[in-house]
Amino acid sequence: MHFMKKKKELTLRFKSRKGSSVLLPLGYYICGYVTCYLSIGNIYFSPFIIDTTYDPHVASSVVKDVEQSSPAVERRAGGMILPFERTELREYIPGHFSDAYTYFHHYLHHFDKTSPLAPTDFNDLPLLHIWPNYFEAYHNHWQRYRGKDVTFMEIGVQSGGKIPLLRNYFGSGFTYIGIDINPSTKMFDGADWINIEIGNSEDPAFWKEMRAKYPKVDLFLDDGGHTMKQQRIAIEEMLPHVQSDGVYMCEDLSTSWSPKFGGYKFKDSRNEVFMRDTMVGLVHRSLDWLNAAWIPGHPETDNINDPELENYWPEDQWWKKFASSVKHIHYYNQVVVYEKGHVGKLFATKTVGASIPYDASGEHKKVDWSSVMGHLNAELTKVEM
């Protein structure tokens, strides 16, 4: 896909799989935020984003950016921001704004019941009940799977509202596995890319069955019953099962403070019972597991195999599976994200070059930064990244 400027009109040119091309006029300086996946005959378009609102300031900026032909700029001109990128403050539903306007915000912008754009003739669209503050976490940690074959497992199908949202976001390679205790949710099991399983998320035997039936899970989202037992059992049973480069996400952590869900109001990490029994308490402990190599007290040596760590968390025997597979923990309001990946031995190293002692050692010759940066750039261009 590339952009062309013709007078004051922008046009997108797409190539089909057979090599022919199609021009798609975007109107006058159209840019922005509606994601769609189109298949017209043999012409296939990857998910992209369009907004039919006209903003002359954005428009002139986009045209200037397009003329610069930067791939990163073109991605943003198409509307899909990069993970952790910020945007101008933008209203997505009346009275609510975001400074990281994503595809998910625009979905609400169009379909929220309070939106002036909400269609009145779309009664078969499954209803979505959601906290919009989760959207940044979604995009930051799922964006890299867009346009790829991805298996997504979710606890909590409810009214099925996330299914079209996610299919449109990820594209045709998206497979959805929904877990729910309500047999009525089987109504959504009507496509070859959707699987609905009925079961109890606090039952380890059920998860054993799911692991056997679905050996590959890239992304896991716990949006289920939100009780402490359900959340804690689900993560212990399924985080190790998620692919080695996948993502495990649990939302609605506010229930850790709700007695209705087994939580404790007006308690926090200073309370022993709260730390022991709640999902938020487990999240706090997982921060220690991530840094387990340093608990033996040697800050310059990876001590993950210290024998004294073996039973350091007797109530959480799976901590070592966690420590050997989780690279990052991201904590948002009501959401925790565990990013899995290669966890190698931790070490510190040094580059070539001059050094000075840690203590003051008198005056030194000023660094010639023009020389340093010139030499640095010359060296780095010798080998492709």
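Where both bridge residues fall in the stretch 77-193, DSSP classifies roughly 35% of the beta bridges as antiparallel. For Leu239, Leu125, the ranking by accessible surface with the largest value first comes to Leu125, Leu239, using a 1.4 Å probe.
Among the chymotrypsin sites (Phe, Trp or Tyr not before Pro) found in the stretch 97-143, those both in a DSSP coil and sparsely packed, with 14 or fewer other Cβ atoms within 10 Å of their Cβ, are Phe122. With only the Cα atoms considered, the stretch 262-378 has a convex hull volume of 223 Å³ per residue. Cross-link partners among aspartates and glutamates for Lys350, C-alpha distance below 16 Å, same-chain residues fewer than 8 apart left out? Leaving aside aspartates and glutamates fewer than 8 places away in the same chain, those within reach of Lys350 are Glu300. Excluding ligands, DNA and RNA, the accessible surface per residue across the stretch 142-265 is 39 Å² with a 1.4 Å probe.
Legend: distances between Cα atoms for Lys148/Lys320; Lys267/Lys321; Lys148/Lys213; Lys267/Lys320; Lys186/Lys321; Lys229/Lys260; pairs beyond 24 Å are Lys148/Lys320; Lys267/Lys321; Lys267/Lys320; Lys186/Lys321. Per-atom-type breakdown for the stretch 258-350 gives carbon and sulfur 53% of the accessible area (1.4 Å probe, protein chains only). For Ile177, the residues whose modelled amide H falls within less than 5 Å of its own, excluding neighbours fewer than 5 places apart on the same chain, are Phe152, Met153, Glu154, Asn195.
Our summary gives the stretch 220-316 a relative contact order of 20 percent, counting only alpha carbon pairs under 8 angstrom and 6 or more residues apart.
The values are calculated or read from the model by the stated rules, or taken from the named source; none is laboratory data. Because the structure is predicted, anything quoted here is derived from the model rather than measured. Don't worry about glycine lacking a Cβ; one is built from the backbone with ideal geometry, like all the others, and counts go over all protein chains shown. Quick note on the areas: whole protein, heavy atoms, side chains included, nothing else; ligands and nucleic acids left out. Shrake-Rupley method; radii C 1.70, N 1.55, O 1.52, S 1.80 Å.
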